[in-house]
Amino acid sequence: MRLLFCFGYYGLFEYGMISRLYALELFTTFLICVLYPKRFSHWYFFLLMLVLNAQTHLFGLFFSGVMGLMLFSEAFGFWKDAPQSLTISPLKKWLGLGIWALGFIYSLYSMIRPSEGELVMVNLRSATRPWQAFFPIPHFVVEFWNSYILTPSLIGYTCEAVLSVAIVAFVLRCFMPVKRLFLPLVALFMLLTLFFAFKYMGSLRHFGHYFVFTLAFSWLLSYHQGTSTPALISFKQLQKLLFLATFIQFGVGIYALAMDIQHPFHPAKQTAAYLQAQVPSTDLVVLEDDIILSSIVAYYGKPILYLPTLTPTTFFQPNSPEENELTLYQLLDWAKALAQRESRRVVLVSSQEIDLNWYPYPVKLLARFDAPNITHHFFYLYQITPAPFPKADFVAGTPQGALRPNLVK
């Protein structure tokens, strides 16, 4: 089953090829599972793995948080059937608690943004995420990524929600004989549900952690299956569900890999190559969006101006104010005003196609990158000359003040 996971959709494609940051989390998570039986004899090394896991990203923080609470509840004698706790001296317990707490707090501090408390939403589709995580069966088309076979119909969402409740109920029931695993897993599922319901819609790599956490805790459950007959029965029942899920994920992974070989995942690489080879260095390149288009900057190799704020960007900048969200024609107006001010051509890179028939000034569609790709993103390059606006025209919101020289070279 572990091999099926490693060479299935998550291990091979989602976390192995396109979201490799999560591979670090998986690596430390699996090390934690391997070290779990020796967590008291290898006390500081186990704590180091928890701290490293917490630094990977938010979901690593979730996992290390509940694992740390479980570890110290055993060490301080909350579970009376944990004789290993007697081998830990009070000094090691408190020192270990301090190490874990510092690692946890630092990770949390590095993630929280100043306005985080204000960003709250309600996402009813969070009820469908467990099913999608266990059985990520996509629409079998080129643009399969983050698509799901039962959606986007209302009936499909309803079916996924019902199946999600059934999966979560079954999984939690399997852990009930071992309370020290049951309670942390409940906490993890609650954290995931609250996060996806009120903070972030997420992609499959995010809510796939419903499955990843279940797989990790089933590994931990295997160490407890000999403690009682109900624990053994529950472990065997859980294994059947996980084997079915990983088997289906293996097939989905083969399909994803085949699509990735035949089609580009994203047009950013081709777009950046065109900018480097075909756009003169005297032209000023600007971006319409700093989220979808941020990957272009990575391939381009140097910062590109984000037009709504006239600041250089190398990656997505959070907390972009809504007043910076311009319409497509406003973007062209800003680009034209910028070209006039800087006395050189501007190349606007847009993730949306602009109908130039309705725009009153000359703009050239320089290139388009709209070939089929897995993410279903398309990029368009528009060339704007520094010709002045007619005197009778007035453009609201035109950039004021000259750009700093180092931003436009």
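Look at Thr375, Thr56, Thr87 and count the other Cβ atoms within 10 Å of each Cβ; fewest to most, that gives Thr87, Thr375, Thr56.
Taking every C-alpha pair closer than 8 Å and separated by at least 6 residues, the mean separation divided by the residue count of the stretch 4-84 gives a relative contact order of 19 percent. Note on Ala23 and Ser351: the model spin-label points, each 7 Å out from Cα along the C-beta direction, lie 2.5 nm apart.
Compared with the dominant principal axis of the Cα atoms in the chain, helix 90-111 is inclined by about 20°.
Considering only the other residues whose Cβ falls under 15 Å of the Cβ of Glu143, what net charge follows from Lys and Arg at +1 and Asp and Glu at -1? Cβ neighbours under 15 Å give a net charge of -2.
Across the stretch 267-276, computed HN-Hα scalar couplings (Karplus, 6.51 cos²θ - 1.76 cosθ + 1.60, θ = phi - 60°) run x, 5, 5, 5, 5, 5, 4, 5, 4, 6 Hz from first to last residue, x flagging Gly and Pro.
One decimal place: the segment Leu91-Val141 gains 12.2 nm when fully extended, by the rule 0.36 nm per residue minus the C-alpha distance. Label point of Tyr255 set 7 angstrom out along Cα-Cβ; within the stretch 180-215, amide nitrogens under 17 Å from it belong to 204-205.
Rounded to the nearest whole Hz, the Karplus-based 3J(HN,Hα) values (6.51 cos²θ - 1.76 cosθ + 1.60, θ = phi - 60°) of the stretch 156-168 follow the sequence x, 4, 5, 4, 5, 5, 5, 5, 5, 4, 5, 5, 4, with x at glycine and proline. The modelled label-to-label distance for the pair His42/Leu3, using points 7 Å beyond Cα in the direction of Cβ, is 2.4 nm.
Looking at this model, which pairs from Lys38/Lys240; Lys199/Lys336; Lys93/Lys236 are more than 29 angstrom apart at the alpha-carbon?
Cα-Cα > 29 Å for Lys199/Lys336; Lys93/Lys236; rest within.
If you take semi-axes √(5λ) of the Cα gyration tensor in Å from the coordinates, which of (i) 49, 25, 18; (ii) 46, 26, 19; (iii) 38, 27, 19 do you get? Recomputing semi-axes √(5λ) of the Cα gyration tensor in Å here gives the entry labelled (i). FRET efficiency for the pair Ile233 and Thr282, taken as 1/(1 + (r/R0)^6) with r the Cβ-Cβ distance and R0 = 60 Å, rounds to 0.25. Near His139, the amide H atoms lying under 5 Å from its own belong to Ser147, Tyr148, Ile149; only residues 5 or more places off or on other chains count, and H is placed 1.01 Å from N.
Whole-Hz Karplus values for the stretch 133-148 come out as 5, 6, 10, x, 7, x, 6, 8, 9, 4, 8, 6, 4, 6, 10, 9 Hz, taken residue by residue from phi with 6.51 cos²θ - 1.76 cosθ + 1.60 and θ = phi - 60°; glycine and proline positions read x.
When Lys and Arg each count +1 and Asp and Glu each count -1, what net charge do the other residues less than 15 Å away from Tyr380, Cβ to Cβ, add up to? Local net charge: -3.
Rounded to the nearest 20 debye, the dipole magnitude of the stretch 236-310 is 520 debye, with +1 charges on Lys and Arg beta carbons, -1 on Asp and Glu beta carbons, and the Cα centre as origin.
Normalised by the number of residues in the chain, the mean separation of alpha-carbon contacts (under 8 Å, six or more apart) gives a relative contact order of 15 percent.
In terms of surrounding Cβ atoms within a 10 Å radius of their Cβ, Phe182, Phe63 rank from fewest to most as Phe182, Phe63.
In a fully extended conformation the segment linking Tyr361 and Arg344 would gain 4.5 nm over its present Cα-Cα distance, using 0.36 nm per residue. With Cβ to Cβ distances under 15 Å as the rule, what net charge do the other residues near Val168 carry (K, R +1; D, E -1)? Local net charge: +1. Charge dipole of the chain (Cα centre as origin; +1 on each Lys and Arg Cβ, -1 on each Asp and Glu Cβ, all else neutral): 1300 debye, rounded to the nearest 20.
No value in this document is a laboratory result; all are computed from the given coordinates. Predicted, not measured: the structure shown is a model, and the values here were computed from it. Virtual Cβ from ideal backbone geometry, glycine too; neighbours counted across all protein chains shown.
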